[in-house]
Amino acid sequence: MMSLQQKYPDEVAAILARYPADNKRSAVMPLLYLAQRAENYVPAAALDEVAALCEIAPTQVASIVGFYTLYYDKPGGRHRIQVCTDLPCALRGADDFAAKLCAHLGVEMGATTADGKVTVEAVMCLAACDRAPMFQVQNGAGLTFHENQTLESVKALVAKLQAE
Amino acid sequence: MTEHVVLRHRQPGLENINQLAAYQASGGFEAYRTVVTSMTPQAVIDLIKASGLRGRGGAGFPTGVKWSFLSNRFPRYVVANSDESEPGTFKDREIMERNPFQFLEGLMIASYAAQASTAYNYLRGEFWELAARLDAQIAELHAAGLLGKNVLGTQYSLAVHNHLGAGAYICGEESALLESIEGKLGQPRLKPPFPADRGLYGQPTVVNNTETLANIPPIVARGAEWYRTLGTESSPGTKVMCLSGHVANAGNYEVPFGITFRELIFGLAGGIRGGRTLKAILPSGASAPILAATDKVLDTRLTYEDVAALGSQLGSASIILMDETVDMSWVALKTTHFFKHESCGKCTPCREGTYWMTHILDRVQAGGVQATDLALLSDVTQQIGGKCLCPLGDFATSAVVSSLKLFPADYEQHLMGAAAVPAKPAARAKVAQPVS
Ligand SMILES: Cc1cc2nc3c(=O)[nH]c(=O)nc-3n(C[C@H](O)[C@H](O)[C@H](O)COP(=O)(O)O)c2cc1C
Ligand code: SF4
Ligand code: FES
């Protein structure tokens with residue numbers, strides 16, 4: 001497998017340059033986002049390389065992956081649809097929206113569709129409470145917000161993601 | 001309505017100030033130029049002190065005073081807190097999306113005042129796209145000579161970097177945030193020492209909220225006197241209030257401190273959706289006690305002091321409104337579930353207590369509880385309150401304690417043997433009115 005430094009040499013260098021030379025450990029979070037880019041989870045092999053770049057132990061990198069919810073140590077669907085069901089969104093119908101989305105996908109909350117394309121998850125406030133129902137779609141390439149959603153709009157998006 | 005100080009992009013003609021040229025054409029970076037070329041760091045600190053600016057991240061601490069606490073060691077750091085994860089808060093996002101240069105200019109002025117040559121902007125991980133745009137905007141400032149070595153031909157040099165979190169509410173707490181930038185688990189530090197003495201990498205550090213920083217360029221440009229003409233004596237200026245829940249027009253409202261809940265909700269935001277009755281208000285997201293929507297509460301002025309006098313907090317002004325159909329025991333379950341998820345796990349009372357509260361509140365919703373369970377719930381809140389390392393533990397109990405006190409009937413309807421209730425809170429009939 002190609003290392004991060006082989007795959008993304010400029011980005012690795014730019015990340016390391018943001019922090020003092022004697023505090024390379026600060027680069028662990030941005031490097032983990034790079035490590036997650038290809039597969040939408042952090043493969044075990046990447047832990048060693050990130051650890052070496054940050055001059056810390058691989059177990060310390062693994063504990064960062066475990067602590068922060070946007071890193072994954074196991075593969076999920078190619079896209080994660082993360083519906084906000086926190087209080088302000090729930091007051092504007094988010095629980096109902098999330099349940100209908102699960103029914104449409106034919107999966108339980110937290111599960112992945114049979115084709116491996118979509119995982120649906122319930123998440124905490126995403127700073128978009130005035131535009132509920134809303135969700136974000138996370139994949140290796142990043143995160144995008146989808147606000148003021150309807151069942152129709154999310155169905156159309158799912159169809160698009162599943163056709164990819 | 002008064003003018004927008006922070007949400008300036010809402011003013012006619014200023015819609016494009018998220019572009020550098022338009023921002024500069026509207027006077028942008030003149031304050032920074034003045035500061036860097038003609039003021040001492042101490043003079044900037046004195047000016048911010050005189051303005052009475054208070055931190056918008058929740059605690060309302062006077063910003064200039066905080067800056068004056070920096071220990072006399074170098075290097076120093078300035079960190080913008082753009083973690084914005086309190087349920088119901090979405091103001092820092094609007095500022096950074098629509099008026100990013102005013103925020104960056106504030107961060108840069110703060111860095112000059114602190115004599116820091118490196119600043120970090122810590123954004124919650126979900127602000128991924130926003131961070132990418134800010135990266136590009138920071139690069140533009142380098143190209144324009146406003147950042148980098150020898151800013152505007154002076155001795156001063158400054159670099160600004162974005163740092164993305166990865167989904168952890170606790171990283172909004174300033175010491176957990178600093179741990180996170182250092183590449184560690186986001187767990188709060190024991191205080192003191194405070195960041196002004198030992199912050200990032202053990203060095204003197206200023207941490208300020210995004211909105212706090214966005215207030216700084218106008219204060220420098222127009223003076224402390226002008227700033228004090230807005231708001232009240234002890235809470236000067238304007239505040240961006242985030243309105244969510246059952247309000248007719250949810251969104252951000254920038255208003256002078258001191259207008260009342262009633263003026264904001266019914267005068268500016270169109271009142272309650274569907275012509276329903278307002279039952280309760282969470283003025284500071286999930287973190288502060290619930291207020292029953294009495295006339296006394298509605299006529300209270302929105303300032304740090306006045307809301308605290310009601311027994312709650314203004315905090316970051318994430319005002320969540322709930323109409324008569326809402327069951328407050330369900331609200332307590334929602335907030336408790338949030339804090340259980342977000343507890344960093346360092347202290348036992350917070351970690352275990354949020355687990356047990358969620359467990360009991362789940363059973364309340366399922367209808368399988370007895371009066372002794374409610375007493376146990378109350379008991380658990382007392383095991384958490386005041387016994388934790390950081391304020392999250394106390395935050396976790398506030399909606400539970402206040403709902404038990406103000407809306408006991410909302411709990412009692414779920415007691416075993418009580419009349420059956422429909423499953424969905426939204427579909428529920430009217431519940432009892434508040435007792436106070
Ligand atoms: C659990 C917890 C979460 C917090 N979250 C935030 C946040 O998301 N944004 C923020 O600016 N301050 C947050 N704070 C407050 C910060 O610790 C700190 O007081 C603030 O960033 C200081 O900036 P200010 O003086 O400009 O308000 C939080 C505090 C606690 C205890
Ligand atoms: S109170 Fe909770 S969040 Fe705060 S340090 Fe303790 S366990 Fe962590
Ligand atoms: S509660 Fe859903 S975005 Fe805030």
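The values are calculated or read from the model by the stated rules, or taken from the named source; none is laboratory data. Worth saying up front: this structure is predicted, and the values here are computed from it rather than measured. Quick reminder, even Gly has a Cβ in these numbers, built from the backbone with ideal geometry, and neighbours come from all protein chains shown. Please note that ligands, DNA and RNA were not included when accessible areas were found on the heavy atoms of the full protein model with its side chains. Shrake-Rupley method; radii C 1.70, N 1.55, O 1.52, S 1.80 Å.
The listed residues are A:THR150, A:THR113, and the only one of them that is touching a Pro at 6+ places or on another chain (Cβ under 9 Å) and more than 14 Å from chain B (Cβ to nearest Cβ) turns out to be A:THR150.
For the condition more than 16 Å from ligand 3 (Cβ to nearest atom), acidic (Asp, Glu), out of contact with any strand residue (DSSP E or B) (no Cβ under 7 Å at 6 or more places or on another chain) and open to solvent by 10 Å² or more (accessible area, probe 1.4 Å), what is the one hit in B:GLU140, B:GLU97? Explain how you work it out, then say what you get.
On the way: B:GLU97 fails: more than 16 Å from ligand 3 (Cβ to nearest atom).
Selected residue: B:GLU140, the only one of B:GLU140, B:GLU97 that is more than 16 Å from ligand 3 (Cβ to nearest atom), acidic (Asp, Glu), out of contact with any strand residue (DSSP E or B) (no Cβ under 7 Å at 6 or more places or on another chain) and open to solvent by 10 Å² or more (accessible area, probe 1.4 Å).
Of the candidates B:VAL79, B:VAL35, the single residue that is within 14 Å of chain A (Cβ to nearest Cβ) and more than 16 Å from ligand 3 (Cβ to nearest atom) is B:VAL79.
Given the condition under 29 Å from A:SER26 (Cα atoms) and part of a loop (DSSP other than H, G, I, E, B), answer yes or no: does some residue in the range A:133-151 qualify? Lay out the reasoning, then the answer.
Within the range A:133-151, the subset under 29 Å from A:SER26 (Cα atoms) is A:136-145.
Remaining after also requiring part of a loop (DSSP other than H, G, I, E, B): A:140-141.
Yes, that holds for at least one residue.
May I ask you to verify whether B:ALA432 is modelled with pLDDT under 95, in contact with a helix residue (DSSP H, G or I) (Cβ under 9 Å, 6 or more places away or on another chain) and part of a helix (DSSP H, G or I)? Taking the combined requirement at face value, the residue does not satisfy it. Looking at B:GLY165, B:GLY186, B:GLY172, B:GLY202, just one residue is surrounded by fewer than 21 Cβ atoms within 10 Å (Cβ to Cβ) and within 14 Å of chain A (Cβ to nearest Cβ), and that residue is B:GLY202. Is it the case that B:GLY258 is on the phi > 0 side of the Ramachandran plot and within 14 Å of chain A (Cβ to nearest Cβ)? Answer is no for this residue.
Residues in the range A:65-102 that are more than 11 Å from ligand 3 (Cβ to nearest atom), aliphatic (A, V, I, L, M) and facing another protein chain (nearest Cβ under 7 Å): A:LEU70 only.
Open to solvent by less than 10 Å² (accessible area, probe 1.4 Å), of a type in the set (Val, Ile, Thr), within 14 Å of ligand 1 (Cβ to nearest atom) and not in a loop (DSSP other than H, G, I, E, B): is that true of B:THR336 in this structure?
Working: open to solvent by less than 10 Å² (accessible area, probe 1.4 Å): yes; of a type in the set (Val, Ile, Thr): yes; within 14 Å of ligand 1 (Cβ to nearest atom): no; not in a loop (DSSP other than H, G, I, E, B): yes.
Here the answer is no, as B:THR336 does not meet what is asked.
In the set B:ALA59, B:ALA50, only one residue is over 21 Å from B:VAL160 (Cβ atoms), within 16 Å of ligand 1 (Cβ to nearest atom) and within 25 Å of the chain's Cα centre (by Cα); that residue is B:ALA59. The helices (runs of 4 or more DSSP H) found wholly in the range B:9-62 and carrying at least 1 residues that are of a type in the set (Asp, Glu) occupy B:30-38, B:41-51. Restricting attention to the range A:23-40, the residues that are farther than 13 Å from B:ALA166 by Cβ and at pLDDT 95 or above add up to 5. Somewhere in the range B:248-270, is a residue touching a Pro at 6+ places or on another chain (Cβ under 6 Å), more than 30 Å from A:ALA94 (Cα to Cα), in contact (Cβ under 8 Å) with a residue 12 or more places away in the chain and not in a helix (DSSP H, G or I)? Within the range B:248-270 (the criterion being touching a Pro at 6+ places or on another chain (Cβ under 6 Å), more than 30 Å from A:ALA94 (Cα to Cα), in contact (Cβ under 8 Å) with a residue 12 or more places away in the chain and not in a helix (DSSP H, G or I)), the answer is no, since none of the residues qualifies. Exactly one residue out of B:ALA371, B:ALA288 is surrounded by 21 or more Cβ atoms within 10 Å (Cβ to Cβ), in contact with a strand residue (DSSP E or B) (Cβ under 9 Å, 6 or more places away or on another chain) and small (Gly, Ala, Ser): that is B:ALA288.
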